[in-house]
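**Student:** One structure coming up, written as structure tokens, with questions to follow.
The values are calculated or read from the model by the stated rules, or taken from the named source; none is laboratory data. Small disclaimer: the values here were computed from a predicted structure and weren't measured. Glycine also receives a Cβ, built like all others from the backbone with ideal geometry; neighbour counts cover every protein chain displayed.
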Amino acid sequence: MVFNTGAALLDAIVLSVVSKDKDGTYGYKITQDVRQGIEISESTLYPVLRRLEKDGCLTVYNQEFNGRNRRYYKITETGRAQLSLYRQEWEAYAGKISRILKE
């Protein structure tokens with residue numbers, strides 16, 4: 001993709017992906033789901049997840065899977081409020097850019 005993805009947009013995408021599973025989801029699956037829209041490496045994703053956790057937007061818990069612990073991420077009410085704000089901002093921003101780029 002020729003356009004850079006800023007931190008706020010990446011946060012919005014990750015929160016949206018995590019919000020789709022009420023019980024939470026794990027890092028590798030988040031990476032795969034985000035890659036449906038943008039190219040991202042796991043080394044880029046995990047700092048985003050840690051930042052969102054630190055900011056209170058995500059909670060983290062471990063659950064056993066095939067004899068190993070898997071780290072799950074779940075959106076919080078704070079995260080839902082932030083995601084709602086991101087969605088509103090995105091609609092306004094995308095509309096403006098679309099109007100400019102149309103012939």
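**Student:** If residue 52 passes every condition in (1) within 21 Å of residue 3 (Cβ to Cβ); (2) touching a Leu at 6+ places or on another chain (Cβ under 7 Å) but one, which one does it miss?
**Tutor:** (1)
**Student:** While we're looking at this one, here's another question. Within segment 35-48, restricting attention to residues that are in contact with a helix residue (DSSP H, G or I) (Cβ under 6 Å, 6 or more places away or on another chain) and not charged (D, E, K, R), which residue is modelled with the lowest pLDDT?
**Tutor:** 40
Here is a yes/no grid of residues against (1) in contact with a His (Cβ under 7 Å, 6 or more places away or on another chain); (2) modelled with pLDDT of 95 or more; (3) of a type in the set (S, T, N, Q):
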{"site": "50", "(1), (2), (3)": "no, yes, no"}
{"site": "68", "(1), (2), (3)": "no, no, no"}
{"site": "73", "(1), (2), (3)": "no, yes, no"}
{"site": "77", "(1), (2), (3)": "no, yes, no"}
{"site": "88", "(1), (2), (3)": "no, yes, yes"}
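**Student:** Applying the selection to segment 49-73, what residues are surrounded by 11 or more Cβ atoms within 10 Å (Cβ to Cβ) and in a loop (DSSP other than H, G, I, E, B)?
**Tutor:** Result: 55, 56, 57.
**Student:** Looking at segment 1-48, which of the residues that are small (Gly, Ala, Ser) and part of a helix (DSSP H, G or I) is nearest to residue 85 (Cα to Cα)? First the steps, then the outcome.
**Tutor:** Step one: of segment 1-48, the residues small (Gly, Ala, Ser) are 6-8, 12, 16, 19, 24, 27, 37, 41, 43.
Then drop every residue that is not part of a helix (DSSP H, G or I), which leaves 7-8, 12, 16, 19, 27, 43.
Working: 7: 15, 8: 11, 12: 9, 16: 12, 19: 14, 27: 24, 43: 26 Å.
Among those that are small (Gly, Ala, Ser) and part of a helix (DSSP H, G or I), it is 12.
**Student:** Pairs only if they're at least six apart or on different chains, beta carbon under 7 angstrom, first in segment 16-45 and within 18 Å of residue 70 (Cβ to Cβ), second in a helix (DSSP H, G or I) and of a type in the set (Phe, Trp, Tyr); list them, first residue then second.
**Tutor:** As it stands, the answer is 27/46, since those pairs meet every condition given.
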